[in-house]
Ligand SMILES: Nc1ncnc2c1ncn2[C@@H]1O[C@H](COP(=O)(O)OP(=O)(O)OP(=O)(O)O)[C@@H](O)[C@H]1O
Ligand SMILES: [Mg+2]
């Protein structure tokens, strides 16, 4: 069928035609906003899940909801690597626009002006040359958000933002994608800021998203973190939702799927959102017309797998060094795992302790995570099978 009208969207953070099965998270965030506006306590949110399950898409959806309610809302994506932008700079830059928008509605509100001054101190501490200037003439607030320590400064900023937002009849929310990349200090700062604002029932919230390791990393940063956040696991779609994710985009284009075609695509996708998009896309292109048949689906899945191998999986595989690949290959003997770290070391003929650095590098690269002590698993669903295929090819 015509690729020009193909309604599927495999990609990173690309909004799907049908956002399936995330009603619970969307509703929970609506409840949070409602409670905050009624002056009731509410918990910040952490969304965690494997690669490609739709965390970024969900975060963007919630960001749109907050903006629709005219909340002061900003989003950052934590960076990885040596040239990483400090979290403070990212927050300063992202909040800049949100503050400017809110300023138009603030009508000389005292608290908003105070928050602007605190924000200015926070930003100047990030970039003393004033490159995050908000384009409004306010003096930085001396002694607020300007210690240079993110731990103290973020709390000051969050408190003042919450107060200012409340005065405007809204709330403030900071969205953080790839949150597992933040340093321990930055994560502590987030916990502390949420802790302080929650105690004062001030409407400042964080909505974070990251790999399944995120709750554990937060718990290491602050022991009370598990009581601070409302955690939400996102992953495979429920059967009906997976079916909707596949059939509804086609229906909008006036096309239907045969029952057999639906079954084999859902089976091949494991109900993972990214794979549904990929197989949906290649099957659509392979199909002669509607209804999409079982044969179309067989061909679509074949082509989709080839694409995944070339892109989604290979991109990650190539990020690993030779030694790291050996480690991943030893893990792949357990399929999608998780594996025991002791057993993986044994397979490589090494002592478990000697594998620590390799494991740490793979974790830092976001390829694996530790679901619990002594266990290790792929962050990418289907990675174990890919490595096995790769082995057979070589
Ligand atoms: N609820 C959903 N229903 C249907 N498709 C979805 C859904 N959520 C995400 N997708 C699709 O899945 C793909 C991956 O989404 P997204 O980039 O948000 O995942 P992610 O969890 O952020 O992945 P990563 O960990 O690699 O950043 C996209 O192509 C998107 O269109
Ligand atoms: Mg993402």
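The values are calculated or read from the model by the stated rules, or taken from the named source; none is laboratory data. Worth saying up front: this structure is predicted, and the values here are computed from it rather than measured. Note that each Cβ is placed from the backbone with ideal geometry, even for glycine, and that neighbours are counted across all protein chains shown.
Residues that are loosely packed, with under 15 Cβ neighbours inside 10 Å, closer than 23 Å to residue 62 by Cα and modelled with pLDDT under 95 within region 217-276 comprise 226, 227, listed in sequence order. Within region 19-30, the set of residues being more than 16 Å from ligand 2 (Cβ to nearest atom) and surrounded by 19 or more Cβ atoms within 10 Å (Cβ to Cβ) comprises 20, 21, 29.
Checking residue 10 against (1) exposed (fewer than 13 other Cβ atoms within 10 Å of the Cβ); (2) within 16 Å of ligand 2 (Cβ to nearest atom), which single condition isn't satisfied? Unmet for residue 10, out of (1) exposed (fewer than 13 other Cβ atoms within 10 Å of the Cβ); (2) within 16 Å of ligand 2 (Cβ to nearest atom): (1). Restricting the first member to region 53-66 and to residues that are touching a residue at least 24 places away in the same chain (Cβ under 8 Å), and the second to residues that are in a helix (DSSP H, G or I) and within 8 Å of ligand 1 (Cβ to nearest atom), the beta-carbon pairs closer than 9 Å and six or more apart or on different chains are 53/273; 53/274; 54/273; 54/274; 57/273.
Conditions (1) modelled with pLDDT of 95 or more; (2) away from ligand 2 (no atom under 16 Å from the Cβ); (3) within 30 Å of residue 271 (Cβ to Cβ), marked per residue:
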position	(1), (2), (3)
54	yes, no, yes
57	yes, no, yes
73	yes, yes, no
81	no, yes, no
93	no, yes, no
100	no, yes, no
105	no, yes, no
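Please verify whether residue 320 is farther than 30 Å from residue 254 by Cα, buried (at least 17 other Cβ atoms within 10 Å of the Cβ) and in contact with a helix residue (DSSP H, G or I) (Cβ under 8 Å, 6 or more places away or on another chain), treating the condition exactly as stated. Criteria met by residue 320. Hey, could you check region 338-370 for residues that are more than 16 Å from ligand 1 (Cβ to nearest atom) and assigned to a loop (DSSP other than H, G, I, E, B) and say which is nearest to the chain's Cα centre (by Cα)? Step by step, filter region 338-370, then rank; the result is 370.
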